1. List the GluC sites (Glu not before Pro) within the range 391-456 that fall in a DSSP loop (any state other than H, G, I, E or B) and whose Cβ has at most 15 other Cβ atoms within 10 Å.
2. Taking R0 as 41 Å, what FRET efficiency do you get between L234 and E38 from their Cβ-Cβ distance, rounded to the nearest 0.05?
3. Subtracting the Cα-Cα distance from 0.36 nm times the residue separation, let me have the gained length for I298 to F456 in nm, one decimal.
4. Select one label from (i) 1.10; (ii) 0.99; (iii) 1.26: the one whose number is Cα Rg over 2.2 N^0.38 Å as derived from the coordinates shown.
5. Cα centroid distance between the range 317-344 and the range 129-194, in Å?
6. K324: which aspartates and glutamates have alpha carbons under 13 Å from its alpha carbon, excluding same-chain residues fewer than 8 sequence positions away?
7. Rounded, prolate or oblate: which fits the range 378-474, taking a ≥ b ≥ c as square roots of the Cα gyration tensor eigenvalues, rounded meaning a/c under 1.5, else prolate when a/b beats b/c?
8. Using the heavy atoms of the protein chains alone and a 1.4 angstrom probe, what is the accessible area of the chain per residue in square angstrom?
Amino acid sequence: MRFLSKSLSVAVVAAMSVPALAQDTMEEVVVTATKRSESIQDVPLAVSVVTGEIIERAEVRDLLDLQSVVPSLRVPQFQNSIQTNFVIRGFGNGANNPGIEPSVAVFVDGVYLSRSQARISDLPNIQQIEVLKGPQSTLYGKNASAGVISVTTKAPEFESRGSLEVGFGNYSQQSVRGFYTGPLSDTVAVSLYGSSLQRDGYFDNVVTGSDLNNRDRWNLRADMLIETSEDSQLRIIADYDELDERCCGVANLIDGPAGAALGALSVIPGQAYIPEDAYNYKSFLNLDPVNTGDNSGITLDYQTTWGDVDVRSITAYRDSYQYKPSEDVDFTAADAIGNSTGETEINTFTQEIRLTGTMGNADWLLGGFYFDESIDFENTIEFGSQWRNYVSILVGGAGGIQAGAGAIGGLEALLGYDPGTFFADGDGVVETATQDNESYSIFGQMTFPLSEKTDFTIGLNYLQDKKDVTLSQENNDVFSNLALRGADGVTALTNLAYSGGFFASLGIPPITAVPQAGLPAYLQTV
């Protein structure tokens, strides 16, 4: 199967050669990739910088759209909106399992967003985004093995200004963005931001008639800057975002051996999906994949100066919640696997302290990072109304659904179960899990100039990570709990021996009185 997304992004870049003049200078690009402001030419890292101006021109709404302006970044979506993965240079993980931290770390204003579902809201008032490629273990020690996406927003200003943007697009898209910043006093400034985006889906669910891959999300953000002294400032940021979408559409790549069985059981006679056509933008799902989620958080960013040492403390608490009331995970119009539901709640507290300064002609940085997170997860998968028939087709082989049903019914009888016990509609698995993760790291870096064009940088990071995990799985599917290689198998064989019903239990017709030439006895028919 392939999960598809469809968006249109157009960027036009014009270049013109002109004679170089003595007074011409190239605009300096300042980045914070090393957690201090430096010219990008002085940073020994592979960094792609996207400014706020580029983001507006390219209509980058969220981090999913960022891949349109950063060639080495890919942001695919899988079964639903929440399961969004970030991949840099082909490396990335952590979308489907909430217990796995993504290998591409995302930071917004220095705050680590630990899971995919916390990363997909609208981008507010962006100053610039830096994409660091490759492992970043020294300064970003919390699982940044594939790279880092660092988002920096604009701080509140002491000069009043604002903007209101209303947009319309194809698929009935409607978007609204509003922004205001200004002073409350000589030492306090605020900024307020809100946005809403609705758009119809471009993927058709043939079974339900709904459109999939739609957009329905909004967010609010309040930012306050307090200048506590000439050398100190405190920034307080509070944000909330929410989505409620039907995502994602799926298409078939290879029409495998199960295709005929699924087609025979489909609610659309003979067709469970469109075979081997990845770009038809039509799904055959008995249930729409509905997913809802919200994120909220508060950040305290304090900066001050002690003599020649710059000090910065970033404290943050975040809460992420996701609820999936329905999803058809067999991805066909056959009700083989029924509904799959899920619920995840993640609470995260982070604290980072950094000290930066100079020692002679060397620049140094020393810091510490603390991370405390709790995850509660529940997921269910139920058998559909056609699951027993689907298994019967697979078991029956050339004998078809009747032979398979006879074999399953025979085994139920041998073990003393009522007819229809195995593979019953609504049976399935309920999985619940928790994870408590506590870690801290101490990191440092020092840069020595060896010449006007050469610097030598040394860095270190000590990380201690502790995780406590619980997992509970409740399976009420009777067949999967059988010990066919143990006690249940012995019981079945014993009852079979007493009843003499070996062939009957497998749905094989009785032996005829007159043998048919060329066939063994167990294949004879009346």
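The values are calculated or read from the model by the stated rules, or taken from the named source; none is laboratory data. For clarity, every value in this text was computed on a predicted model and none was experimentally measured. Note that we place each Cβ from the backbone using ideal geometry, even for glycine, and neighbour counts take in every protein chain shown. In case anyone asks, the SASA skips ligands and DNA or RNA and just uses the protein heavy atoms, side chains included. Shrake-Rupley method; radii C 1.70, N 1.55, O 1.52, S 1.80 Å.
1. Numbers: sites: E412, E431, E438, E452; in loops: E452.
Answer in residue order: E452.
2. Numbers: r = 24 Å, r/R0 = 0.59.
E between L234 and E38, to the nearest 0.05, is 0.95.
3. Details: separation 158, 0.36 × 158 = 56.88 nm, distance 3.75 nm.
That pair, I298 and F456, stretches by 53.1 nm at full extension.
4. It is the value labelled (iii).
5. 31
6. D244, E245, D288, D294, E343, E345, E378
7. Working: a/c = 6.27, a/b = 3.14, b/c = 2.00.
Prolate.
8. Numbers: 26630 Å² over 526 residues.
Counting only protein heavy atoms, the per-residue value for the chain is 51 Å².
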